[in-house]
Amino acid sequence: MTIARAVELARSGRDRAYPKPTVGAVVVADGEVVGEGVTEAGGRHAEVVALAAAGERTRGATLYASLEPCNHHGTTPPCTDAILAAGIERVVFGATDPNPEAAGGAERLRAEGIDVELADSFEARAVNEAWRAWVSKGRPFVIYKAGATLDGRVTVPGTRWVTGEESRNAVHELRAAVDAVAVGGGTARSDRPRLDARDVTTPRGQPRRLVFSRGPLPDGLDLELRTGALPDELRALAGEGVQSLLLEGGPTLAASFLEADLVDKILLFVAPTLAGAGPRAFEAALGSPRTLARLRTRQVGADVLLEAYVHDP
């Protein structure tokens, strides 16, 4: 339960420490929560904040953290030093640290005689899923988003929109939460999309707006053209600090990314409509089946949002 609280704290402060991961931590002594902390923007890590809040009650206590405590000198000293100095007897963490520069905290704490346990929490990994992909894979975490009818079509004859207003608002919130949004050349030329986040709070500012295409873009289209091979472009974007990428292109772009195994999560807004004709969300042949994991559903206005992972974070 206390790992769940650490994850809840991390989620509440999500992006506070961006581009670094946001972590939550809880100190428990004699069955009582005596300190909590969340990573500070440009400041202390969650474990240090929680230990300071607990004060003298850290001696012999248990520390729960959503991410493995760091073991390196970055902008702050190692959290392992603070844990050892505080007299913590047990550490439980929800996810390993994929950053080779910061990893090794669990091993060091065990070597110093502290009881250390990995709780292996999907929720702990998911709260920093984009950062984890960026660090471990050297590319952005890629989300493919599409709106489709109940029969899988991405257009409805005679109407501009497939999904309802609530779903379209949710897409603007998605754009505000990622580093970049992209479409393919066909969508760019036919729809001339803006790809910006409108009528929502944008704590990071507007996302970068990209087009993956070899062809030229129409005049007046304020989008960034990326013409290279997809793996190369994603590595380049990661090097420029892009941790998360939202794909809003059509079926051709989706198939290209899926065939290259470059999609991590799929979000499909399904409208209660039968179109009967038109392109499908996954029109092109994929070459082989894809088994998705952790399927979740929720109502968004009259639509249903299906969320599933191609790669576990």
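The values are calculated or read from the model by the stated rules, or taken from the named source; none is laboratory data. Predicted model, so just to flag it, every value in this text is computed and none were measured. Cβ atoms come from the backbone with ideal geometry, glycine included; neighbour counts cover every protein chain shown. SASA here: full protein model, heavy atoms, side chains in, ligands and nucleic acids out. Shrake-Rupley method; radii C 1.70, N 1.55, O 1.52, S 1.80 Å.
Note down the magnitude of the dipole of segment 199-297 about its Cα centre, charges +1 on Lys and Arg C-beta and -1 on Asp and Glu C-beta and zero elsewhere, to the nearest 20 debye.
Using only the charged Cβ atoms, the result is roughly 360 debye.
What do you reckon, how do Asp199, Asp97, Asp261, Asp120 stack up by accessible area (1.4 Å probe), largest on top?
These residues rank, largest area first, as Asp199, Asp120, Asp261, Asp97.
Using only Cα atoms, tell me the angle between helix 230-239 and the longest principal axis of the chain; keep it within 0 to 90° and round to the nearest 10.
40
Just in segment 88-167: which trypsin sites (Lys or Arg not before Pro) are loop by DSSP and have at most 11 other Cβ atoms within 10 Å?
Taking segment 88-167 and a limit of 11 other Cβ atoms within 10 Å, the loop trypsin sites (Lys or Arg not before Pro) found are Arg160.
Compare the Cα positions of Val300, Val7, Tyr18 along the charge dipole of the chain (+1 at Cβ of Lys, Arg; -1 at Cβ of Asp, Glu; about the Cα centre) and return the one farthest towards the positive end.
Going by the Cα projections, it comes out as Val300.
For a quick check of your reading of the filter: which trypsin sites (Lys or Arg not before Pro) in segment 235-313 sit in a DSSP loop and have no more than 16 other Cβ atoms within 10 Å?
Answer by residue number: Arg290.
Kindly sort Ser12, Ser256, Ser213 by accessible area of their heavy atoms, largest first, with the probe set to 1.4 Å.
Ser12, Ser256, Ser213
What is the distance in Å between the Cα centres of segment 160-200 and segment 40-105?
39
On a 0 to 90° scale, report how tilted helix 165-176 is relative to the longest principal axis of the chain, with both axes built from alpha carbons and the result rounded to the nearest 10.
60
Restricting to DSSP loop positions (anything but H, G, I, E, B) with no more than 14 other Cβ atoms inside 10 Å of their own Cβ, which GluC sites (Glu not before Pro) remain in segment 101-144?
Glu101, Glu112
Over the chain, what relative contact order in percent results from Cα pairs under 8 Å that are six or more residues apart?
15
Where in segment 270-313 does the amide nitrogen come within less than 11 Å of the point 7 Å from the Cα of Ala229, taken along Cα to Cβ?
The answer is none, because no backbone nitrogen lies closer than 11 Å to the label point.
What is segment 1-152's relative contact order, in percent, from Cα pairs under 8 angstrom and six or more apart in sequence?
19
When only C-alpha pairs under 8 Å and at least 6 residues apart count, what is the relative contact order of segment 1-77, in percent?
Relative contact order here is 30 percent.
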